[in-house]
Amino acid sequence: MAERKVRKTAGKTAANTTKRTATKTTAKTAAKRTTRTKAAAKEDFRIGELDQYLFSMGTHYDIYKKMGAHEAVMNGKKGVYFAVWAPNATTVSVIGEFNGWREEANPMTRLEPSGIYEGFVVGAKVGMLYKFFIKTKDGRGLYKADPFANYAEQRPGTASRITDITKLRWSDAAWMEARKQRDNDSLPVSIYEVHPGSWKKHPHGEDEDGFYNYREFAKSLAEYVKEMGYTHVELMGIAEHPFDGSWGYQVTGYYAPTSRYGTPEDFAYMVNYLHKQKIGVILDWVPAHFPRDAHGLEEFDGGCVYEYADPKKGEHPEWGTKVFDFGKSEVKNFLIANALYWVEHFHIDGLRVDAVASILYLDYGRENGQWTPNIYGGNKNLEAIEFFKHLNSVVLGRNHGAMMIAEESTAWPKVTGKPEEDGLGFSHKWNMGWMNDFLEYMKLDPYFRKWNHNKMTFSMTYAYAEKYILVLSHDEVVHLKCSMINKMPGLYDDKFANLRAGYAYMLGHPGKKLLFMGQEFAQLQEWSEARELDWYLLAEDKHQQMQNYVKALLHLYKKTPALYDADQDPCGFEWINADDADRSIFSFVRHSKDGKSNLLFVINFTPVARPDYRVGVPKRKQYRLVLDGDAAEFGGNTTERPVVYKAVKSECDGREYSFAYDLPAYGIAIFKF
């Protein structure tokens, strides 16, 4: 018995010892694993195998968080991690203020199979300038700015600048949450297109820019836009670009808000401030082409990395620029991640995609023999079609309520159609057809308008083919095309009366609205990026009255659902008389979805008054005049007129009911019923 007891005790002791040893071993192993995990977590800023794989597939939507320059700690030392894609390079090194711009001081390591180069530089800090020095296969040395840089040296400098955009301060959570629920199709969208560098300037010397900082610009712009009644601003020239005269459409820094107006933090402040004032922010975005500046994307590593290698596809002969290679997954990833970067990281509410037609058509701006057909022998860029479907599916799929707007000038079908139904997937399209017909009509002497009546009515035959924005953009007031007021026929007063009539027609036509800065107060000069708008004109009655008029139109638009909630529904628009060509008068109704607060428009496009004018109406009701374009406050001649008009049983315009209205020369009357 005693022997068995001893054995039992011994067995217990041995078991406990083994258990303790095992526990210690497990704890040690776990500690080691934890240490390794922590070490790995500390270095998750580095490009890994999964990053390379996703980038090669074109689906690394957060690639900008890895590529470029990012502050980090490696092996206990603070510095900056650099990563750049240069698959054709022989060697790459990072040069900058941290190493005296010495080409061999900080060589980078090539990662296979992607061709991404990485490097960590101890002592590199936020605020320092840098570039990549790339040795090509043919022995050249290239000094390139970082394609993924978040900040750049102000022109004429061309270096990238280290910055940290992970700590931006936002207080627009309410706006961003509401955006997720936003249905832009049934809401008012009136866009003020602005070039920040020339909207307003500080007093400045000959060699100074006088630019407003993003923060100053935000406050001044928000106050003006709210007063006028716009819902959104569309900003030109935000991505970094070397040449002011390109207006921002020849980009070298796709991931960098231009340093002309401040830092990335200043830019974020501006977006945040505008959101707090309930103003949406849209940016111009340029995936169509890029310039040939030596520090830019052209032949980035000595080979055709970002552009098509075939010059018939890779160059725009008309513009002298390079075309992105939409057949390359990494290039598509660069662009799609860039769109997401602006929408998600900087809270941008929409992107207006520039020159979409130039991307879609292989023969755009090219003569016979200058372009290569697709595999079916056609002129459509099949790779670009797939790119747009991918782009819009991801951006709008991840960001409900955001806008992707196509500047597309042809009859390409289903630009705003769903990708699964063979559409391109944009949320909206600029209505360039309406714009061209409208401007051609408005430029005519009123005597000749009767023979061009269909220019104003034709757009209604396709108004519901796409989700349109009616635009009078910067492109229409430059290059000797004249400002909006100087496009108008007639003498001084006639020009203002014509423009009031044109703006009223634009308000009543289905579609969202966009007007370029300065045209709301009838800027006389063409726009130039080199000078501010002619704000001094507001000291003159006619210009102040035009501004008052546009303000009245915009506020009427915002508060009247009939003008926006049925933009996509043919039931939302009804002609009263589309055929009064001899008198050049248009009359139509805008219906709201709920049938309440509908609007009747009557617009006279001649200088001939019609005191005996009668208009047919849908119902025997009272019609209340809510806007008289001839009112003295808007620069017209009418000081007082009746407000309520009662329809009577008297056939007119094929309607059983009608009422009489004293319609002045260039008269504009909007009635609510």
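Read-outs throughout are calculated quantities, based only on the coordinates presented, and are distinct from any laboratory measurement. Please read these numbers as outputs of a predicted model, since none were measured by experiment. Glycine also receives a Cβ, built like all others from the backbone with ideal geometry; neighbour counts cover every protein chain displayed.
Points worth noting:
- Hz values of 3J(HN,Hα) by residue in segment 51-56 - Karplus curve (6.51, -1.76, 1.60), Gly and Pro given as x: 4, 5, 5, 5, 4, 5
- Between the listed residues Thr638, Met404, Trp434, the Cα displaced farthest toward the positive end of the dipole of the chain, a dipole computed from Cβ unit charges relative to the Cα centre, is found at Met404.
- Here the peptides 327-333, 487-493, 253-259 are ranked by packing, the mean other Cβ count within 10 Å, and the order with the highest first is 253-259, 327-333, 487-493.
- Residues with amide H under 5 Å from that of Val608, placed H, sequence gap 5 or more: Tyr666
- The fewest-to-most ranking of His60, His345 by surrounding Cβ atoms within 10 Å reads His345, His60.
- Evaluated over segment 49-161, the count of Lys pairs having alpha-carbon atoms less than 20 Å apart is 15 (only pairs 8 or more residues apart or interchain).
- Within the straight-line cut-off of under 21 Å between alpha carbons, the lysines reachable from Lys414 are Lys380, Lys389, Lys429, Lys467, Lys512, Lys513, sequence neighbours fewer than 8 places apart in one chain being disregarded.
- Alpha-carbon Rg with Dmax, taken over segment 570-672, Å: 13.1, 37
- Along each principal axis, Cα extent of the chain, largest first, Å: 124, 77, 57
- When +1 charges are put on Lys and Arg Cβ atoms and -1 charges on Asp and Glu Cβ atoms, the dipole computed for the chain relative to its Cα centre reaches about 4420 debye.
- Separation between Cα centres of segment 631-673 and segment 155-175, rounded to whole Å: 53
- Estimated purely from DSSP H runs of n ≥ 4, each contributing -39500 (n - 2.57), the mean residue ellipticity at 222 nm for the chain is -8500 deg cm²/dmol once divided by its residues.
- Packing-based order for 430-439, 335-344, using average beta carbon neighbours within 10 Å, highest first: 335-344, 430-439
- Length-normalised contact order for the chain - Cα pairs under 8 Å, 6+ apart - percent: 10
- P(r), alpha carbons of segment 46-131 - 5 Å bins starting at zero, rounded %: 3, 15, 24, 25, 18, 11, 4, 0
- Among the listed pairs Lys219/Lys558; Lys180/Lys621; Lys559/Lys646; Lys180/Lys559, those with a Cα-Cα distance over 30 Å are Lys180/Lys621.
- Ranked for footprinting exposure by Cβ neighbours inside 10 Å, fewest first, Arg500, Arg182, Arg260 give Arg182, Arg260, Arg500.
- Each Lys or Arg adds one and each Asp or Glu takes one away; over the other residues whose Cβ falls under 15 Å from the Cβ of Arg179, this sums to -1.
- Other residues lying with their Cβ under 13 Å from the Cβ of Ile279 contribute a combined charge of +1, Lys and Arg counting +1, Asp and Glu -1.
- Taking the Cα centre of segment 570-672 as reference, the dipole from Cβ charges on Lys and Arg (+1) and Asp and Glu (-1) amounts to some 560 debye.
- Under 5 Å between amide hydrogens, built in the peptide plane, is the criterion, and for Tyr468 it picks out Lys429, Lys512 among residues at least 5 positions away or on other chains.
- Close amide-amide hydrogen proximity is noted between Glu307 and Glu299, Asp325, each under 5 Å apart and 5 or more residues distant or on a separate chain (H modeled in the peptide plane; Pro and chain starts excluded).
- Listed peptides 644-656, 365-377 by packing density, highest first (mean Cβ within 10 Å): 644-656, 365-377
- The magnitude of the dipole of segment 49-161, with charges of +1 and -1 set on the Cβ of Lys/Arg and Asp/Glu and taken from the Cα centre, is near 280 debye.
- Net charge in the neighbourhood of Val323 (other residues with Cβ under 14 Å of its Cβ; Lys, Arg +1, Asp, Glu -1) is -3.
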